[in-house]
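These notes concern the structure reproduced below.
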Amino acid sequence: MNVLHPPFVHFVIALPFAALFSQITYLATKDTTYSKATTRILAFALLISFFAIYGGITDAQKILSDGNILGYGKAILKSHKTFGIITVIILAITTILKWYALDKKSFMLEKLSLSLIIITILATLYQGNMGGKLVYKYSAGIDNKIIQLRSSEAKQP
């Protein structure tokens, strides 16, 4: 199965961490280079998040049509999609506020940006955990014939 989602989503998870460290460095040093870097990192993460959403929707359609998901995984897949969109909205709000704080040279908004970056990270980590469960617990995107065979063999005395 050709998957588009994982290569992009890992950037969306990792880049806000880089933005966090850059923002903390800015707040500690007041060197605007770090504030600019944070804004660019968040903007890049936001751009990539659109590819991650597209890949996720495409992959989910393929997973559902092929039946490559077990049990309760279909409900989790739906929740994963919904919360993924919410996560991107949080990232967009964070990016816009961060850009505005930089533009207005507002140290108070820069501090607020730090809080939103942390919220963005928490949302992406939760989302990543849910995605991991889909793959490793419900075999989403994995040919589950082997898993089903093992389950039926385990049930036999």
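The values are calculated or read from the model by the stated rules, or taken from the named source; none is laboratory data. If you're wondering where the values come from, they're calculated on a predicted model, not measured in any experiment. No Cβ is skipped: glycine too gets one built from the backbone with ideal geometry, and neighbour counts run over all protein chains shown.
Scanning region 87-132 for residues that are within 13 Å of T38 (Cα to Cα), among the basic types (K, R) and surrounded by fewer than 18 Cβ atoms within 10 Å (Cβ to Cβ) turns up just one, K111. Check whether at least one residue in region 103-116 is without any contact (Cβ under 8 Å) to a residue 60 or more places away in the chain and closer than 17 Å to L47 by Cβ, and report yes or no. Looking through region 103-116, none of the residues is without any contact (Cβ under 8 Å) to a residue 60 or more places away in the chain and closer than 17 Å to L47 by Cβ. Can you tell me which residue is modelled with the lowest pLDDT among those in region 41-91 that are under 16 Å from H5 (Cα atoms) and among the basic types (K, R)? This residue is K62. Restricting region 34-68 to residues that are out of contact with any helix residue (DSSP H, G or I) (no Cβ under 8 Å at 6 or more places or on another chain) and within 18 Å of I96 (Cα to Cα), the residue that is surrounded by the fewest Cβ atoms within 10 Å (Cβ to Cβ) is L47. Here H10 qualifies as free of Cβ contacts under 8 Å to residues at least 24 places away in the same chain and under 15 Å from T124 (Cβ atoms).
Just one residue in the set G73, G84 is in contact (Cβ under 8 Å) with a residue 60 or more places away in the chain, small (G, A, S) and within 24 Å of V135 (Cβ to Cβ); that residue is G73.
Of the residues contained in region 136-148, none is found to be among the hydroxyl-bearing types (S, T, Y), at pLDDT 95 or above and out of contact with any Leu (no Cβ under 6 Å at 6 or more places or on another chain). Kindly evaluate S139 against the criterion of being surrounded by 14 or more Cβ atoms within 10 Å (Cβ to Cβ), part of a loop (DSSP other than H, G, I, E, B) and either among the hydrophobic types (A, V, I, L, M, F, W, C) or more than 18 Å from the chain's Cα centre (by Cα) (or both). Criteria met by S139. Residues in region 33-66 that are without any contact (Cβ under 8 Å) to a residue 12 or more places away in the chain and of a type in the set (G, A, S): S65 only.
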